[in-house]
Amino acid sequence: GFGFKIAAAPFHMWAPDVYEGAPTPITAFMATAVKAAAFAVFLRVWIEAMPGMALAWAGPVWWLAALAMFVGNTVALAQQNLKRLLAYSSIAHSGYLLVAVATGTLGGSGAFLFYLIAYTIASFGAFAVVITVGREGDANNDLKDYEGLWNVRPGLAIAMAIFMLSLMGFPVFGGVGFFGKWYLLMAAVSAPGPLVTLAVVLVLTSVVSAGYYVNVVRLMFMKPRPEGAVDPEPAGALTRGV
């Protein structure tokens, strides 16, 4: 128990500095593959190896999920660097995944898997856009570098808008991201010990996330391109595929 608390206490708070400082392809890998592997193992141990642990640790996991969702989303609002914004966003998404873990049910594990796939695809796509907009030396990661992107690279702007709305869980335009959060909510409210309050926290923090996800969309489509800004190079075939 002590080891679990030591490991969970910082809860990815190292991520913003590492995400910002690492090359963007490495950041994309850490934000998706590493998180997916860690949570998949955690869930298997939680449900298959020690099924009784879900009830015993329900309280700490509840608070850890709520804290990750609240801190990740509120701190992301203040970020002006897109990679740091996505880093704090990843902390919030870790909280969403913990909601599924807290249920301790097979329904929760199904919601977990669906959400993890949706999050991974959207994150890979978002980082592919960051790689394309960024230039040599991993520059151009500030939000102002995305102003007016629609005017010079409309394809990139549309793709990034879809990824942002998917990570937010926006209905219709958010696509699979919306259904991912819907399944998490259904798993929470139908758990043996209903996690209604945690589901409410999930919804409210998702509303908070609109403040930074929609802001990226606003900058791309509603702001003029800064005078003298260098246009992003066309994306390569592999990046377009991602």
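Some points to look at:
- Test: residue in the range 221-232 that is open to solvent by 30 Å² or more (accessible area, probe 1.4 Å) and part of a helix (DSSP H, G or I): yes
- Helices (runs of 4 or more DSSP H) contained in the range 6-88 and holding at least 3 residues farther than 25 Å from LEU143 by Cα, at pLDDT below 75 and more than 14 Å from the chain's Cα centre (by Cα): 53-56
- Residue pairs whose Cβ atoms lie under 9 Å apart, separated by 6 or more positions or on different chains, with the first residue in the range 126-146 and farther than 17 Å from ALA87 by Cβ and open to solvent by 40 Å² or more (accessible area, probe 1.4 Å) and the second of a type in the set (S, T, N, Q) and modelled with pLDDT of 85 or more, are LYS144/GLN80.
- First in the range 63-89 and among the hydroxyl-bearing types (Ser, Thr, Tyr), second anywhere and open to solvent by 30 Å² or more (accessible area, probe 1.4 Å), Cβ under 6 Å, 6 or more apart: TYR88/VAL75
- When GLY193 is tested against (1) open to solvent by less than 10 Å² (accessible area, probe 1.4 Å); (2) over 20 Å from PHE114 (Cβ atoms); (3) of a type in the set (Gly, Ala, Ser), just one condition goes unmet, and that condition is (1).
- For the range 55-77, the tally of residues that are in contact with a helix residue (DSSP H, G or I) (Cβ under 9 Å, 6 or more places away or on another chain) and open to solvent by 10 Å² or more (accessible area, probe 1.4 Å) stands at 12.
- In the range 172-179 there is no residue matching the filter, namely being under 16 Å from the mean Cα position of the chain (by Cα), surrounded by fewer than 17 Cβ atoms within 10 Å (Cβ to Cβ) and farther than 28 Å from THR103 by Cα.
- Inter-residue pairs, beta-carbon under 9 Å, first more than 22 Å from ALA122 (Cα to Cα) and in the range 30-46, second in a helix (DSSP H, G or I) and open to solvent by 40 Å² or more (accessible area, probe 1.4 Å), 6+ apart: VAL45/MET53; TRP46/MET53
The values are calculated or read from the model by the stated rules, or taken from the named source; none is laboratory data. None of the values given here were measured: they were computed from a predicted structure. Cβ coordinates were reconstructed from backbone atoms using ideal geometry, including for glycine residues, and neighbour counts include every protein chain displayed. Heads up: the accessible areas ignore ligands, DNA and RNA and are worked out on the full protein's heavy atoms, side chains in. Shrake-Rupley method; radii C 1.70, N 1.55, O 1.52, S 1.80 Å.
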